[in-house]
Amino acid sequence: MVKRLTAWVLDGDPLGFGTMSSVARGRVREMMGEVMTAQGRSLPADDTADLREIGFRSLDFSELALRVEDELGDELNFDAPGLRRIATVGDVLDFIEQLQSA
């Protein structure tokens, strides 16, 4: 895995300079797909897909979190309030967004 010092998010940046400190939802989804592909599985296009049905396990979530941290160049705050049951692809994406803003 390549260590990246910063993550640039171009969403909402009319000059194209980007902002540091968060990874765009689409990029997190892309990384989630990479984790699944490495395990011989594919990520469905539907964010309501059930994690159990697609075979996304806690180990896969850990790998995704590490990839996001590498891209951020910082650790995610897993002490964030509001931890909840994560059951769908969308739940994972929402949770990673929540961790980044904590």
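Once the other residues with Cβ under 13 Å from the Cβ of SER101 are scored (Lys, Arg +1; Asp, Glu -1), what is the net sum? Each step should come with its number before you reach the end.
Working: positive: ARG25; negative: ASP74, ASP94, GLU97.
Residues close to SER101 contribute a combined charge of -2.
What residue among VAL28, LEU72, GLY40 has its Cα farthest toward the positive end of the dipole of segment 25-101, where the charges are +1 on Lys, Arg and -1 on Asp, Glu, each on the Cβ?
Checking the options against the dipole of segment 25-101, the answer is GLY40.
How would you order 85-94, 63-72, 47-56 from highest to lowest mean count of nearby Cβ atoms within 10 Å?
Details: 85-94: 16.4, 63-72: 19.4, 47-56: 14.3.
Averaged packing, sorted descending, gives the order 63-72, 85-94, 47-56.
Quick note: the coordinates plus some simple rules give every number you see, no bench work behind them. Given the structure is predicted, the values throughout are model-derived calculations rather than measurements. Using ideal geometry, Cβ is built from the backbone for each residue, glycine included, and neighbour counts are taken over all protein chains shown.
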